[in-house]
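To keep things clear, I will list the structure first and then write my remarks on it.
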Amino acid sequence: MRVLLISDIHANLEAMEACLAIAPEHDVVVNLGDIVGYGASPNEVLERSRDLGKTFVRGNHDKAASGQMELRDFNPVAGLAALWTREHLKPENLEWLRNVPQGPVRVAELPEIQFVHGSPIDEDEYVVTLDDAVEPLTIASTAITFFGHTHLQGLFFSNGNAPDFYRPPYKSIGKAETVQFKLRPNTRYMVNPGSVGQPRDGDWRAAFALFDTETRMVTFCRTPYGLKSAQDRILAANLPQRLATRLAAGR
Ligand code: ZN
C-alpha cells in the first residue's frame, strides 16, 4: 500500500495544493495533524483535508483552535492565530476538528505502523534531536512511527546499536525534488514527512512524504508553492506579520 503522509498544513492552502499536484500515486492519505493555525485558509484546508482521506491525528493547534487546550500554553503569536482561527472556522468545521482523534492512531491494514502528532509517549512532545527520539523509538508499539509537530523533515532509527538520524540531502532550493530512503528490516523508525504549510528546516518549500509498504521506500518530497499568495492572505486577514515573513525563510 502506498501511503501519502501530510502534516502541519497550518491553513496554508497554496502549499497544500502544490503538494497534492506533484504527489506520487498513492492509495491512502494520512494526516498527522495541525491542519489549521498560523495560515489564513482554515476552512478551505480543513475541507480539502477531510475529503482526501479518513485517517487523521489531532495536533496541538487543532486542539487550541477548537477550544480543547488552554491558550496560555501557546506563545502570543500562536495564541492570536488560534483565536483568529476559532473565530473564522465554520461551526461544522469546528465541530469536525473537535472530533479528530488523539494519537497514536493505528490502521488495520498497516499493522507495523502507528501515526502520532508529537510522539507516541505524549501527543504534544517535540522530537527534535536524536536524544529526544531514543525513548520513543524504544517504547513504540510498532516498528514504524510517523510523526509531525517539529516541522523538520527526516527520520530517526535504531537497530539495537547506536541510534542515528537522516535528513534528506536536497540539491536545490527552488525546484520540486524527491529523495528516497529505504527502510531496513529489524530496525525501528520515527519518520517525519515535514510540514506542508510552515517548514522550519531553512527550506521554504512545502514538505511531505510517501511510504510504500511493499518496497519499504520512503520518498521525501519538497515543492515550491504560491508563497506570495499565502503571505498576502495572512496580511489581509490581519494575522501577525511574522507569520507571513517566516514562510519565506522556512523558519
Ligand atoms: Zn505544527
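Where a number appears in this text, it was derived from the coordinates with a stated rule and is not lab data. The model shown is predicted, which means the values in this text are computed figures rather than measured ones. Every residue, glycine as well, gets a Cβ built from its backbone with ideal geometry; the counts of neighbours run over all protein chains shown.
Laid out as a table, the results:
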{"item": "Region 205-223: number of residues that are under 13 Å from the mean Cα position of the chain (by Cα) and surrounded by fewer than 24 Cβ atoms within 10 Å (Cβ to Cβ)", "result": "1"}
{"item": "Candidates R222, R242 - the one that is under 29 Å from W84 (Cβ atoms) and either among the small types (G, A, S) or within 16 Å of the ligand (Cβ to nearest atom) (or both)", "result": "R242"}
{"item": "Meets criteria (under 21 Å from A15 (Cβ atoms) and either out of contact with any Ser or Thr (no Cβ under 7 Å at 6 or more places or on another chain) or of a type outside the set (A, V, I, L, M) (or both)) for P185", "result": "no"}
{"item": "Flag if G67 is surrounded by fewer than 21 Cβ atoms within 10 Å (Cβ to Cβ) and part of a helix (DSSP H, G or I)", "result": "no"}
{"item": "Tally of residues being more than 13 Å from the ligand (Cβ to nearest atom) and closer than 21 Å to D212 by Cβ across region 24-55", "result": "11"}
{"item": "Pairs with Cβ under 9 Å, 6+ apart, first in region 40-59 and without any contact (Cβ under 8 Å) to a residue 24 or more places away in the chain and in a loop (DSSP other than H, G, I, E, B), second small (G, A, S) and away from the ligand (no atom under 15 Å from the Cβ)", "result": "none"}
{"item": "Region 192-204: number of residues that are out of contact with any helix residue (DSSP H, G or I) (no Cβ under 6 Å at 6 or more places or on another chain) and buried (at least 24 other Cβ atoms within 10 Å of the Cβ)", "result": "6"}
{"item": "Yes/no for L4 being crowded, with 23+ Cβ neighbours inside 10 Å and more than 16 Å from the ligand (Cβ to nearest atom)", "result": "yes"}
{"item": "Among the candidates Q231, Q180, residue that is in a strand (DSSP E or B) and more than 16 Å from the ligand (Cβ to nearest atom)", "result": "Q180"}
{"item": "Residue match in region 85-96 (condition: part of a loop (DSSP other than H, G, I, E, B) and not small (G, A, S))", "result": "yes"}
{"item": "Selected residue (criterion: farthest from S7 (Cα to Cα)) from residues of region 139-177 that are within 16 Å of the ligand (Cβ to nearest atom) and among the aromatic types (F, W, Y)", "result": "F146"}
{"item": "Filtered residue count, region 56-81, keeping only those that are more than 17 Å from the chain's Cα centre (by Cα), within 16 Å of the ligand (Cβ to nearest atom) and not hydroxyl-bearing (S, T, Y)", "result": "10"}
